[in-house]
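Below: the structure, in structure tokens.
Readers should treat all values here as calculations from the given coordinates under stated rules, not as data from a laboratory. Computed from a prediction, not measured in an experiment: that's the story for all the values here. Every residue, glycine as well, gets a Cβ built from its backbone with ideal geometry; the counts of neighbours run over all protein chains shown.
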Amino acid sequence: MKFIVLTLAVLVICSCGEDPGESAAAGRVVADTPFYLMPCDSIGIEIGDSCYVFGDIRARCVFPDGTIGVLDRSITTVKFYSPEGEYIREFSPEGSGPGEFLGLDRLGCDEYGNIMLASFYDRKLAWFDPEFSLIEEVIFTSGNRGGPMRVYPVPDTGFVVLTSIFQLPDSAGCEVALFRGSGEPETIYRSRLALYDQYGNYQIATGMIFITDHLGRVYIANRSTDTFNIICYSPEGDTLYCIDKPYEPVRRSQEEIDNALEGARQNWIDGTGSAEGFNWEPPEYHPSIRSMMVDGIGRLWVRGGGIDALYHVFSETGEYLHDCALVMPDWQGVDDWAVHIGPYGIIASTRNPELYPVVYMLEEVTEVDPQAE
């Protein structure tokens, strides 16, 4: 019964209108920002060849050879494209057997081009080789652990995963841990617990944002609205260094609060059949850290609080380097972009499947092309 309630709670929390690992609103040029992320090419058409038409882009990834993988949740398929945007092939592991999924949420890769896939509702993680043969599968069967809410790869076909956890008699929370070969954690990096409540408020109180790098290090920040603090852990769970930055809390607009509340309410109705029992209040302030990603030279990209598209960039040892603003085309009328900054490239896509899904290849530049705005 607890897992059923957990699933409903996750439906509510996930309706807040932001993906803590990727979402970024398109921004305008800031005069004192020395660097910008801008599109240099794109993949996707509105009507035509189905190889280039996307339904619901849930995840995106650049592989070591420059190949671009796009996870289309609407057809449980990963489509692969050349660095120039030409269609290559696709992988559709739909089903209920080993290495198969009823739905897909996450996509990643390792330095050898192996493919990582994950599903919250299937409670399953899997690695495949470049020819789509199953290497390893991890299924969460314990009722004291929810499905993978966020997953990132580490060397030797491991997964670092954020899940909800329950501890008897009445504690619940979130945990970031390494899994490899079984549904039991190999290394626990951070656990946060609070009093259990059926509305999922414990998930807000114990939420975390994290990312891994190609060395297997793990960066974790509590989902805080008033402090900016990141800890870098070794693969074995030892603290390597901390990043602390002054932060001024940013209040959400009333429109953002209203939209989050309505989205959560609708998800509750979809999950339970009625609005009875719904009792959730959206956070009043934005989180101080919305997302973290690591690029190919080990730099940590951190998107701060508020609605801007500004990233704070740190060296691989935690020194602040500079800010970088995201500048995306206006023609689609899109204000919210899902950005993937990884070791092998940077890409972004529209989040709303009703707004002509397109995947953009991005590059870091020091001057903005006015036509791109």
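The share of alpha-carbon pairs in region 2-372 lying farther apart than 27 Å comes to 46%.
When only Cα pairs below 8 angstrom with a gap of at least 6 residues are kept, the chain shows a relative contact order of 22 percent. Using the alpha-carbon positions of region 70-226, Rg (one decimal) and Dmax (whole number) come out as 16.3, 55 Å. At R0 = 41 Å, how high is the FRET efficiency between GLU276 and ASP244 if r is their beta carbon distance? Nearest 0.05 is fine. So, using R0 = 41 Å, E works out to roughly 0.40.
Debye-formula intensities of region 163-223, expressed as log10 I(q)/I(0) at q = 0.14, 0.17, 0.28 Å⁻¹, are -0.43, -0.60, -1.17 (one equal scatterer per alpha-carbon, no solvent). In order along region 96-112, phi translates into HN-Hα couplings of 10, x, x, x, 10, 9, 7, x, 10, 10, 10, 9, x, 8, 10, 5, 9 Hz, rounded to whole numbers, per the Karplus curve 6.51 cos²θ - 1.76 cosθ + 1.60 with θ = phi - 60° and x for Gly and Pro.
Summing charges over all other residues whose Cβ lies under 13 Å from the Cβ of VAL161, with Lys and Arg as +1 and Asp and Glu as -1, gives +3.
Using unit Cβ charges (K, R positive; D, E negative) and no other charged atoms, how large, in debye to the nearest 20, is the dipole of region 2-372 about its Cα centre? Using Cβ point charges on Lys, Arg, Asp and Glu, region 2-372 gives about 940 debye. Amide H to amide H, with H built 1.01 Å from N, LEU321 comes under 5 Å of VAL313, PHE314, SER315, counting only residues 5 or more places away or on other chains.
For THR227, the residues whose amide H sits under 5 Å from its own are SER288, ignoring neighbours fewer than 5 places away on the same chain, with H placed 1.01 Å from N. Projecting the Cα positions of GLY271, TRP301, VAL250 onto the charge dipole of the chain (unit charges on Cβ atoms of Lys, Arg, Asp and Glu, taken about the Cα centre) puts GLY271 furthest along the positive direction.
In sequence order, region 74-86 has phi-based couplings of 5, 10, 6, 9, 9, 9, 10, 10, 6, x, 8, x, 8 Hz under the Karplus curve 6.51 cos²θ - 1.76 cosθ + 1.60, θ = phi - 60°, and Gly or Pro positions carry x.
Residues whose amide H falls under 5 Å from that of PHE101, counting only those 5 or more places apart or on a different chain, are GLU94, GLY95, with hydrogens built in the peptide plane. Taking θ as phi - 60° and the Karplus parameters 6.51, -1.76 and 1.60, the scalar couplings of region 189-196 work out to 8, 7, 10, 10, 10, 8, 5, 5 Hz in sequence order, x denoting glycine and proline. Ranking PRO283, THR212, PRO329 by how far each Cα lies toward the positive end of the dipole of region 2-372 (charges on Cβ) leaves PRO283 at the top.
With Cα atoms defining each centre, region 237-276 and region 127-172 are spaced 23 Å apart in the structure. Per-residue ellipticity at 222 nm computed for the chain from its helices equals -3000 deg cm²/dmol, with DSSP H segments shorter than 4 residues left out and the rest contributing -39,500 (n - 2.57).
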